[in-house]
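Report on one structure; see the data block that follows.
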Amino acid sequence: MWPTDPENGLSPKNTLGIDVYNPPPLHWTSLLVLAYQSCGVVYGDLSTSPLYVYKGTFSGSLHRFLGEEAVVFGVFSVVFWTVTLIPLLKYVFIVLSADDNGEGGTFALYSLLVRHAKFSLMPNQQAADEQLSAYYRPGYSTEDTPMLRALRSFLERHRKSRTCLLVMVLFGASLVIGDGVLTPAMSVLSSFSGLQVHSSALTHGEVVLLSCAVLVGLFTLQHWGTRRVAFLFAPVVVLWLLLLAALGVYNIVVWNPRILRALSPYYVVSFFQRTGKEGWISLGGVLLSMTGTEAMYADLGHFTAASIRVAFVGLIYPCLVLQYMGQAAFLSKSPNCNIHFIFFESIPRPIFWPVLVIATLAAIVGSQAVISATFSIVRQCTALGCFPRVKIVHTSNRIHGQIYSPEINWILMLVCLGVTVGFRDTTLIGHAYGMACAGVMVVTTLLMALVMVFVWQQGFLLAAMFLLAFGSVESVYLSAALIKVPQGGWLPLALSLVIVAVMYVWHYGTRRRHMFDVQNKVSLRWLHALGPSLGIVRVPGIGLIYSELATGVPAIFSHFVTNLPAFHQVLVFVCVKAVPIPHVRYYERHLIGRIGPREFRMYRCVVRHGYKDVPGDDNDFENDLVVRIAEFVHMEAAAGSADAPRESDASVEGRMAVVSRPYDLSRTGLLMTAPLPNPEDSAVVRAAAAAATATTDSSKAETIQSLQAMYEAESPGFAIRRRIRFEIDDASSESMDPAVKEELSVLVEAKHAGVAYIMGHSYIKARKSSSLLKKLAIDVAYTFLRKNCRGPAVALNIPHISLIEVGMIYYV
């Protein structure tokens, strides 16, 4: 795995190897290099929009105005001001500033609101989470104006308002996921349609089949990751953009230099005066000039805002404007051309085939970027409890952001092929594409207005001006896209409804399960009344009890001891939870605390991850936890009896502290050794041998020993960490507090005996008195998703040979 310990000078890297915790200041040369690289990852989709913008605009009733030069000039003027207002002004100069510790996208805006305005519906949040260094935006003040305080209080009190906000965010994320289906279909099919311009023998059906073959190859190669071909992305897109600019200049000079006049907004007004309703409906095609704009913000975590701005202003924007201007100049003098192939017909014949090849490569690059972004969004949704657990594969052991999800990949491929074969026409796919683009832009505008009020604290007037200026323009485009719903625009709506339903059902079921755990957790008074033995037999070893509770004792504990009255001599209640920030610094990730008096030997460990971190990426969790508990014991002893948990207090849980793994292990009073492999050292083998001695049945020990050997052969990492042994440091034990020494001795002895993982295997059912809708959501939809997603033990990288699952039924 990638290095993750900043205390050793190492920390996670993003897609380009930049430190996600402490990005260094960029020299202008580094800035230009990043800007160059961003062209291949961020702008692949946006750069292919000239393939289909004019086709989508003139394909409807506006086609009858094709011979009028003023209308053609008006269409270009609308495209120019659209690209200027939305991608340039809104996204480049405003939205890119609303980063969440360097991350962008709809979930980044939502996480900002969750932290600063307390809009969260996520369970299991603690006051200690607000002490994370990346929790609040730099310069944020907790002092509110009376009006802001009243609005915040209203939204926090009314749960339905927070639910509506979450649904809106999920809808925006689902539209972006839908782009992972529509972008490859639209881009690849548009590029291959150019083959029909100079090859009349090639039928449209053959073009569709050829596009499907390329799409299958594109999705099949996803498991290799982008690292092997990423170095080609930027050169392809840059070459493509320079070709667009050169072709644009050529067409302006050769066909109609007067197109420069259309830069004036006067032509926008005259266009709508002349075309009326047809001009308004044609905005669904103009909308395609902004496809891929959201990627500028969503891919912010892979680069920097400055590099993305430099690339757009210095290369993307002028090249696209010149290309749109050139196509309009050609179209104004060629009214009889085939509008379905307007881009390819405007290419001079001598360079047609080289341009077609580069256009196809650019379409593939743009599709690859959107597919990778879809994997990233699914991972974010999963971390925030809004999507079923799926398999996440890291395609690079050096670069943090390159991931691949097999299940999502094949689903995307099947839906993408279905769209390509079913629609067979880029005009219909374009209607769907525009609908998705307009929807996610409106969601971003609404969230940005809230961020301006609650996070930037700029007042209602500025937020209202932003909402009015950009929201009104995007609403006009959205209304034009809605007109196209019967003609293909229904597809992204249908996809989004399915994805939102899956997300919300999973979030609802997860939240109800957590509420059940909170309401049924074991009373600490009852636990303390049992005494140090807890009323049961304490067997050697460490028991790690996993639950979603950050406080209290989960119900699975009482359920387990009721049916099997024995537990380990050291108990650690482990909670792995997500917090609404992109990354949690490694040294802030673990909270360690004590449950009950010292002689109970019960601890709590809360492991916090950001929504872009990967739970279960610690391959040495067992040994790491022992070291952290030892450090906590020393910290607690050093704090003194006044600050330590009082043994006589049986009503409250001990305090928790952020415990980082000490760089110098001697501080903990422990020594760590890794002896050579010895079957006799295996905890499972020793336990089996003891059982065989007691029962005079050596076959049991041999059976378990063979199972242990097989598992260690399959999982060498498990074998290595199990061979690591701890000992009390004799040099420091003489000055050590006797109580601390005794506790560490018990901890080391328990670690040598073995570690068991106890996890609840819950079945959630709706109560009989529940409504029919709730029964369908819980008993049918949520149960189906839970049975067909990855289990929590697999997601957390828990060795199944040491796993004990406790079955429970939750009636919610």
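The values are calculated or read from the model by the stated rules, or taken from the named source; none is laboratory data. As the structure is a prediction and not an experimental result, all values here were calculated from the model. Glycine also receives a Cβ, built like all others from the backbone with ideal geometry; neighbour counts cover every protein chain displayed. Accessible surface areas use protein heavy atoms only, side chains included; no ligands, DNA or RNA. Shrake-Rupley method; radii C 1.70, N 1.55, O 1.52, S 1.80 Å.
Here are the numbers for the structure shown:
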read-out: LEU747, sole failed condition from (1) closer than 21 Å to LEU571 by Cα; (2) hydrophobic (A, V, I, L, M, F, W, C); (3) open to solvent by 30 Å² or more (accessible area, probe 1.4 Å); (4) assigned to a helix (DSSP H, G or I); value: (3)
read-out: Positions within region 447-477 being surrounded by fewer than 21 Cβ atoms within 10 Å (Cβ to Cβ) and within 30 Å of THR426 (Cα to Cα), in sequence order; value: GLY471, SER472, VAL473, SER475, VAL476
read-out: Pairs, first closer than 25 Å to PRO554 by Cβ in region 760-774, second exposed (fewer than 10 other Cβ atoms within 10 Å of the Cβ) and not acidic (Asp, Glu), C-beta under 9 Å, six or more apart; value: SER762/ILE809; TYR763/ILE809; ILE764/ILE809; LYS765/ILE809
read-out: First in region 252-269 and within 15 Å of VAL72 (Cβ to Cβ) and without any contact (Cβ under 8 Å) to a residue 60 or more places away in the chain, second anywhere and surrounded by fewer than 16 Cβ atoms within 10 Å (Cβ to Cβ) and of a type in the set (Ser, Thr, Tyr), Cβ under 6 Å, 6 or more apart; value: none
read-out: The listed residue being polar (S, T, N, Q) and either open to solvent by 10 Å² or more (accessible area, probe 1.4 Å) or farther than 22 Å from PHE344 by Cβ (or both), out of THR84, THR48, THR57; value: THR84
read-out: Answer residue from region 340-354, given it is of a type in the set (A, V, I, L, M) and crowded, with 20+ Cβ neighbours inside 10 Å and is farthest from GLN37 (Cα to Cα) among those; value: ILE342
read-out: Residue that is most open to solvent (accessible area, probe 1.4 Å), among those in region 146-189 that are touching a residue at least 60 places away in the same chain (Cβ under 8 Å) and farther than 30 Å from VAL502 by Cβ; value: MET147
read-out: Residue that is surrounded by the most Cβ atoms within 10 Å (Cβ to Cβ) [pool: residues in region 522-578 that are modelled with pLDDT of 80 or more and charged (D, E, K, R)]; value: LYS577
read-out: Check on THR220, under 29 Å from THR444 (Cα atoms), polar (S, T, N, Q) and out of contact with any helix residue (DSSP H, G or I) (no Cβ under 7 Å at 6 or more places or on another chain); value: no
read-out: Leading residue by the ranking (modelled with the lowest pLDDT) among those in region 193-242 that are over 31 Å from the mean Cα position of the chain (by Cα) and hydroxyl-bearing (Ser, Thr, Tyr); value: SER200
read-out: Residue within region 478-489 that is within 27 Å of GLN125 (Cβ to Cβ), part of a helix (DSSP H, G or I) and among the β-branched types (Val, Ile, Thr) present; value: no
read-out: Residues (among the small types (Gly, Ala, Ser) and either at pLDDT 90 or above or open to solvent by 10 Å² or more (accessible area, probe 1.4 Å) (or both)) located in region 410-430; value: GLY418, GLY422
read-out: Cβ pairs under 9 Å, 6+ apart, first in region 444-459 and over 21 Å from GLY292 (Cα atoms), second basic (Lys, Arg) and surrounded by 23 or more Cβ atoms within 10 Å (Cβ to Cβ); value: VAL455/ARG115
read-out: Residue satisfying condition, being open to solvent by 10 Å² or more (accessible area, probe 1.4 Å), within 20 Å of SER367 (Cβ to Cβ) and either part of a helix (DSSP H, G or I) or touching a Lys or Arg at 6+ places or on another chain (Cβ under 9 Å) (or both), within set VAL236, VAL321, VAL268, VAL249; value: VAL236
read-out: Index of the failed condition, VAL357 passing every other in (1) among the hydrophobic types (A, V, I, L, M, F, W, C); (2) over 15 Å from LEU46 (Cα atoms); (3) open to solvent by less than 40 Å² (accessible area, probe 1.4 Å); (4) at pLDDT 90 or above; value: (3)
read-out: Residue among THR48, THR84 that is more than 16 Å from ILE342 (Cα to Cα) and within 32 Å of the chain's Cα centre (by Cα); value: THR84
read-out: Any pair with Cβ under 7 angstrom, 6 or more apart, that starts in region 309-338 at a residue that is within 11 Å of ILE259 (Cα to Cα) and ends at one that is among the charged types (D, E, K, R) and open to solvent by 10 Å² or more (accessible area, probe 1.4 Å); value: SER332/GLU69
read-out: Filtered residues of region 56-92 (kept if more than 16 Å from LEU283 (Cα to Cα) and β-branched (Val, Ile, Thr)); value: VAL92
read-out: Pairs with Cβ under 9 Å, 6+ apart, first in region 604-630 and under 25 Å from THR382 (Cα atoms), second of a type in the set (Phe, Trp, Tyr) and modelled with pLDDT under 80; value: ASP617/TRP2; ASN619/PHE718
read-out: Boolean, ALA363 is in contact (Cβ under 8 Å) with a residue 12 or more places away in the chain and within 23 Å of GLU103 (Cβ to Cβ); value: no
read-out: Criterion violated by TYR433 - all others in (1) modelled with pLDDT under 90; (2) crowded, with 18+ Cβ neighbours inside 10 Å; (3) more than 25 Å from GLY180 (Cα to Cα); (4) out of contact with any Lys or Arg (no Cβ under 8 Å at 6 or more places or on another chain) satisfied; value: (3)
read-out: Region 99-150: number of residues that are at pLDDT 70 or above, in contact with an Asp or Glu (Cβ under 9 Å, 6 or more places away or on another chain) and part of a loop (DSSP other than H, G, I, E, B); value: 10
read-out: Top-ranked residue in region 754-790 [being within 26 Å of the chain's Cα centre (by Cα) and charged (D, E, K, R); ranked as modelled with the lowest pLDDT]; value: ARG790
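A quick yes/no check of all residues on (1) basic (Lys, Arg); (2) more than 28 Å from PRO235 (Cα to Cα):
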{"residue": "VAL41", "(1), (2)": "no, no"}
{"residue": "LEU51", "(1), (2)": "no, no"}
{"residue": "LYS55", "(1), (2)": "yes, no"}
{"residue": "PHE58", "(1), (2)": "no, yes"}
{"residue": "ARG64", "(1), (2)": "yes, yes"}
{"residue": "VAL83", "(1), (2)": "no, no"}
